């Protein structure tokens, strides 16, 4: 037990704060990306769901840590799409058993993202939302994977491509890789 608890000790110091320029670029990308996704949802009307909570976490990654593996386009698009499809499938198979469906959706999404090399942590929430999202989400069925998940992810990606490459810092570019 002592050995196990020893593994939880901190080995590193907290990293320093990022430079103000990086913070501003991250803020700008997140603001524009989420603003556009939310605006499109408002333009399309209440019948058309266009924004989900996991997009906030996707924004943190693709604008705040654009060089991270989890932030790359293939991870953003395919991680979200695969996970949304899994979430819808699990909801359809498990029916009203929300506890089992929630656990299955997220765990299967993680396994599928590992297998497909598309790990994007916010996509676990996209799978979970398909299960717990209520009648609005459930009525969409597999359409949920296309709108809001795929369409919103594509808007966030387009903004990431524009904003993350505007900086004069040669180290801030996006993406590191496509496929």
Looking at region 148-168, which of its residues are at pLDDT below 95 and either over 16 Å from residue 33 (Cβ atoms) or in a helix (DSSP H, G or I) (or both)? 168
Residue match in region 155-170 (condition: surrounded by fewer than 17 Cβ atoms within 10 Å (Cβ to Cβ) and within 14 Å of the chain's Cα centre (by Cα)): no
Examine region 32-48 for a residue that is surrounded by 13 or more Cβ atoms within 10 Å (Cβ to Cβ), modelled with pLDDT under 95 and not in a helix (DSSP H, G or I), and state whether such a residue exists. yes
Spot the failing condition for residue 96; the list is (1) exposed (fewer than 15 other Cβ atoms within 10 Å of the Cβ); (2) more than 22 Å from residue 29 (Cα to Cα); (3) modelled with pLDDT of 95 or more, and only one is missed. (3)
Being more than 15 Å from residue 71 (Cα to Cα) and in contact (Cβ under 8 Å) with a residue 40 or more places away in the chain is the filter here, so list the residues in region 158-170 that pass it. 166, 167, 169
Complete set of residues in region 1-23 that are surrounded by 12 or more Cβ atoms within 10 Å (Cβ to Cβ) and either without any contact (Cβ under 8 Å) to a residue 60 or more places away in the chain or under 19 Å from the mean Cα position of the chain (by Cα) (or both): 18, 23
When (1) over 16 Å from residue 65 (Cα atoms); (2) more than 14 Å from the chain's Cα centre (by Cα); (3) at pLDDT 95 or above are applied to residue 174, the one that fails is (1)
Restricting the first residue to region 43-60 and requiring it to be farther than 12 Å from residue 33 by Cβ, which pairs with a second residue that is assigned to a loop (DSSP other than H, G, I, E, B) and modelled with pLDDT under 90 meet a Cβ separation below 8 Å and a spacing of at least six or different chains? 44/50
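The values are calculated or read from the model by the stated rules, or taken from the named source; none is laboratory data. Keep in mind the model is a prediction, meaning the values are calculated, not measured. Ideal geometry is used to build each Cβ from the backbone, glycine not excepted, and the neighbour counts take in all protein chains shown.
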